[in-house]
1. Among the residues of region 135-157, what is the count of those that are closer than 18 Å to Asp101 by Cβ and in contact (Cβ under 8 Å) with a residue 24 or more places away in the chain?
2. Would you point out which residue out of Leu127, Leu100 is under 13 Å from Val23 (Cα atoms), in contact with a strand residue (DSSP E or B) (Cβ under 6 Å, 6 or more places away or on another chain) and either surrounded by fewer than 19 Cβ atoms within 10 Å (Cβ to Cβ) or of a type outside the set (Asp, Glu) (or both)?
3. Can you name the residue in region 116-134 that is β-branched (Val, Ile, Thr) and assigned to a loop (DSSP other than H, G, I, E, B) and, of all such residues, is nearest to the chain's Cα centre (by Cα)?
4. Just checking, does region 212-226 include any residue being among the acidic types (Asp, Glu), in a helix (DSSP H, G or I) and without any contact (Cβ under 8 Å) to a residue 12 or more places away in the chain?
5. Anything in region 191-246 that is β-branched (Val, Ile, Thr) and over 18 Å from Ile132 (Cβ atoms)? List them, or say none.
6. Filter region 135-179 down to the residues that are among the aromatic types (Phe, Trp, Tyr) and either out of contact with any Ser or Thr (no Cβ under 9 Å at 6 or more places or on another chain) or assigned to a loop (DSSP other than H, G, I, E, B) (or both), then identify the one that is farthest from Lys218 (Cα to Cα).
7. How many residues are assigned to a loop (DSSP other than H, G, I, E, B) and buried (at least 19 other Cβ atoms within 10 Å of the Cβ) if we restrict to region 180-191?
8. Does Val72 count as over 13 Å from the mean Cα position of the chain (by Cα), more than 21 Å from Leu217 (Cβ to Cβ) and of a type in the set (Val, Ile, Thr)?
Amino acid sequence: MNGYIHSTESCGTVDGPGVRFVVFMQGCPMRCLYCHNPDTWQPNKGTVRSVESILEEYDSYKEFLQNGGITVTGGEPLMQIDFVTELFKQAKKKNIHTCLDSSGITFTPDHTEKFDELIKYTDLVMLDIKHIDNEEHKKLTSQENTNILAFAKYLSDNGITIWIRHVVVPGITDNEKYLFKLGYFIAQLKTIKALDVLPYHDMGKVKYENLGIDYPLKDTPPLDKQRAVWAKGIIIDGMKARLREN
C-alpha cells in the first residue's frame, strides 16, 4: 500500500517514548493559526511511499532507536487512515512500538469501523487538543472540536493509552477558564499517560516567509515557559475538581 509522505525523521525525541522514527504524512483539514508545518496542508502531494519502504528505512536506523518505535504525524495522519493502519499492522509484526500523533479531526463517532481496525495496532495516541471551547476552536483551527473530543473518549473507552498535548497561546488559550475546563474534560479519560502543556513559540515564521504565506500570529509574542507551568497547574486543578465529584 502507498501513501503520500511529506518527510521522515530518523531520531525524534519529542514524538513519544524513547528515540523514534517519525513519519510526517501529507494533508491536513485544519488551519491552526500557529501551525508550524503549512507545507503539509495539501493532500495528495509529497513523495509516494510504500509501507514496505517506510519499514525498510526504519530498519536502517533501528539500532539507534532506543526504547522507541515509529510515530506517524503530519499534517493529519488520519487523512490517510488506511495507509497508517497497514503501516502499524506490519510494524506490530516486527514488534515495533506504534504511536499516532493526531488531532483526531477526522473521527466520526457514527462510523468507527476504520478506527476500530487502526487501534488494534496502535500502542499510543498523542492527541492534540487545540482548544476546549468549540467556538474558540473554530476561530483557532477553522474546524469544530466536537469529533476531536469524541475521539478522546473513544480512545479511553477502548483502552488506548493517550498523551494529551495542549499549546498555550497568549490571548487565545492562555485563559484560566478554558484551561480549567480542559482539565475538567480530560479527567474523565481513563487511559491518560501524560499531559504536555507547551508554550507557544513563533519559530514557524521563517517557513511561512519562505512559502510566501502570511503568518497569522506574527504579532503574538512567544509564551514564557513559566506561564506554561502555571497553565498546566490550572489544567490539573480542573482535573482534580472533576475527580472529587466521583
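Bear in mind these aren't lab numbers, they're just calculated from the coordinates by the rules spelled out. Bear in mind the structure is a predicted one, so any value in this text is a computation, not a measurement. Every residue, glycine among them, receives a Cβ derived from its backbone with ideal geometry; neighbour counts consider all protein chains shown.
1. So the count comes out to 10.
2. Within the list Leu127, Leu100, the selection yields Leu100.
3. So, considering only residues that are β-branched (Val, Ile, Thr) and assigned to a loop (DSSP other than H, G, I, E, B), the one nearest to the chain's Cα centre (by Cα) is Ile129.
4. Checked against the condition, which is being among the acidic types (Asp, Glu), in a helix (DSSP H, G or I) and without any contact (Cβ under 8 Å) to a residue 12 or more places away in the chain, region 212-226 yields no hits at all.
5. Within region 191-246, the first condition is being β-branched (Val, Ile, Thr), and the residues that meet it are 191-192, 197, 206, 213, 220, 229, 234-236.
Residues satisfying the conditions are Thr191, Val206, Ile213, Thr220, Val229.
6. Checked region 135-179; the qualifying residue farthest from Lys218 (Cα to Cα) is Trp163.
7. Let us first name the residues in region 180-191 that are assigned to a loop (DSSP other than H, G, I, E, B), namely 187-191.
Pick out the ones that are also buried (at least 19 other Cβ atoms within 10 Å of the Cβ) and you get 187.
Summing the residues that are assigned to a loop (DSSP other than H, G, I, E, B) and buried (at least 19 other Cβ atoms within 10 Å of the Cβ) in region 180-191 gives 1.
8. Details: over 13 Å from the mean Cα position of the chain (by Cα): no; more than 21 Å from Leu217 (Cβ to Cβ): yes; of a type in the set (Val, Ile, Thr): yes.
So Val72 does not fit the description; no.
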